[in-house]
Structures are given as C-alpha cells and as structure tokens.
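**Student:** Just passing along the structure, written as structure tokens.
The values are calculated or read from the model by the stated rules, or taken from the named source; none is laboratory data. Everything numeric in this text was worked out from a predicted model, so none of it was measured. Cβ sites come from the backbone with ideal geometry, for glycine too, and all protein chains shown count toward neighbours.
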Amino acid sequence: MGNKAYSTAPCVATIGFFDGVHRGHVCLIEQLRSEASSRGLKSMLVTFDCHPRMVVSPGHVPSLLTTLDEKQQLLQQTGVDEIVTLPFTRELSMLTAREFMEQVLHRELHVGVLMLGYDHAFGHGGGAFQDYVRWGQETGIEVVRAHELESLMASSSKCRRLLEQGDVESAAEMLGHPYQLGGQVIRGFHVGHELGFPTANLQPDAMKLIPAHGAYAVWALLADGTRRPAMLNIGNRPTIGNGEAVSIEVNIFDYENDLYGQRLAVELVSRLREERLFASREELMNQLARDEAAARAILTPPTQ
C-alpha cells in the first residue's frame, strides 16, 4: 500500500480499472457520490496503476484508452473526494475478494460501504454479488449495488472496437469526451514538408490504442497549452512506400514552429477517409488539400 496515510473516517468506495473513464464509469461515480452524500461520508475510487492482465495474463493485455495520467485527470474531474491508485502486483492479484476486502479496503482504506457496478467482480476467483455481501458482513463492510442504467451499458471494450473501426464520433459519444492520442514528436522523413503539408511525427504513449488507419480532423493540444485545428494521418503511407511501418502524422494548420522533442496530443473529432494508395504524389497532394478543407470546415465553429 505504500506510506501514504489515508483518512481513518469511514468512506463509500467503488473499485475498477476505469480505462477511458467513459459514460458508464461516470454514471457509477455519480451514484457513488450520491450514496456517500446521503450517508454524510466521503467518496473514494480505488483503481490500479496498470491493467490487471499485465500481471495475470501478459499475453492478452488490451490496448488502453487512457494512460495513467490521463485517467487520473479524468477521474479528478468527476468530483470524487479521493482517488486511490494501487500498484497491481502479483501478490495483490492472488488475494481473494474476501482477503482484499479485509486487508486493503477495511484495514488500510477504512471503507465502510462498497458500491459494486452491475455484474462487477474482483479478487482472485471472483464471486457473485451475494458472496460479496457475505464477505462484507464478515469484514465490516456494507456492500451495495449500483443501479443498472442505460449509460452503464457503455464499456471500455466497446469503445476500443469503435476506435479500431475508425468511428471516433461514436467512441466520443460513449466516452463522453473525444478520444485523445498523445506522445513525443520524433524526427520523420520530411515527406510531408515536400508535399506542402509539414507534419509532426508522433511516437504514441506505450499501450495506447491506435485508431483505424486513415485521415482525421483533430484538435492539436500543444505543450504550451494552446489548442489548434489540425488533421491527422495514421497508416503505412502506401503512396510514399512506407513499408509495414505505421506513421502517425499531425499537420497543424497555420503553424510552422518546430515541435521536435516536445509532447503533443490530439483529440480525434471525425474520420475524413480511409487510407488508400494514390497513383502519384500529385494525386496525393490534391487529396491532402481536400482533407485540409474538410477538416477546417468540421473544426470551424459556425458563425452566429
């Protein structure tokens, strides 16, 4: 658990990995805060520093919708009183639900009420809802179930599938916010500059899901805090002969500063088209001009 001291006052808590912090997660957290408020207690989220599969099934870890930093920022925006991020270790993974409830939730975190999301299970071996109720009675924790609402049908796996199909609009609707892809700007081959569309080449954060290949209208989030309209291309650049290597290139409109070595993130707004092979560089340049016009139209707010 580390050296951090937590409040000794009882709290109402829920547990989850919360990848993406989608609408279902937010709905659960709203119920958590309401339950805590009605009891005059603080609300607490218990999450983990890595996906549990990285420890229990390393060969089957899904790509992530959020980095740890992104997830914590989104969770902080929910207004919950306290967020506890536990290191997910082999030792932790071997605790049964009852052991976890007694050793971690009750003794360390002073959880008095545990809210479980619909059909949620935790602990080595899992358990049914009534099992958690019984284990809670044995360990001094009241276990309650969140209401099943439509927004709880959102899931991280559904969001991943939408992004893998390039449907960033539907993914944003399910997430409750645009999907964000970030990383460090690295040296490229300067092909975009030669084509008249200079790009920042992005080395994405480890484990992040890369959406379907194609061109996208995006908002570029610069390290200095500014937000600029841009277009993004993900793919093998078949017209240029990129081989199997996947490039992630951001063309920021009306911007010429060198971003090499800096952090850059993009919010994906709309997919413009699939990636395809063009007959010539000239044909590709013409398409890029059309992509830019389409992206500008999407990202330009309507006049009042």
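**Student:** Among the residues of segment 32-46, count how many are under 17 Å from Y118 (Cα atoms) and in contact with a Gly (Cβ under 9 Å, 6 or more places away or on another chain).
**Tutor:** Count: 3.
**Student:** Related question: Tell me whether segment 116-133 contains one or more residues that are of a type in the set (S, T, N, Q), farther than 25 Å from K71 by Cα and assigned to a helix (DSSP H, G or I).
**Tutor:** Checking segment 116-133: at least one residue is of a type in the set (S, T, N, Q), farther than 25 Å from K71 by Cα and assigned to a helix (DSSP H, G or I).
**Student:** Further question: Restrict the check to segment 296-304 and report whether at least one residue is closer than 30 Å to G20 by Cβ, among the β-branched types (V, I, T), touching a His at 6+ places or on another chain (Cβ under 8 Å) and at pLDDT below 95.
**Tutor:** Within segment 296-304 (the criterion being closer than 30 Å to G20 by Cβ, among the β-branched types (V, I, T), touching a His at 6+ places or on another chain (Cβ under 8 Å) and at pLDDT below 95), the answer is no, since none of the residues qualifies.
**Student:** Would you confirm whether or not segment 137-150 contains a residue that is over 30 Å from L202 (Cβ atoms), buried (at least 18 other Cβ atoms within 10 Å of the Cβ) and not aliphatic (A, V, I, L, M)?
**Tutor:** Checked segment 137-150: at least one residue is over 30 Å from L202 (Cβ atoms), buried (at least 18 other Cβ atoms within 10 Å of the Cβ) and not aliphatic (A, V, I, L, M).
**Student:** Anything in segment 271-280 that is surrounded by 14 or more Cβ atoms within 10 Å (Cβ to Cβ) and outside any strand (DSSP E or B)? List them, or say none.
**Tutor:** E275, F278
**Student:** Restricting attention to segment 277-291, which residues are under 27 Å from E173 (Cβ atoms) and out of contact with any strand residue (DSSP E or B) (no Cβ under 6 Å at 6 or more places or on another chain)?
**Tutor:** R290
**Student:** For the condition of a type outside the set (V, I, T) and either within 22 Å of the chain's Cα centre (by Cα) or outside the structural domain of G20 (by TED's automatic domain parsing) (or both), what is the one hit in R160, R107, R134, R145?
**Tutor:** Answer to the check: R160.
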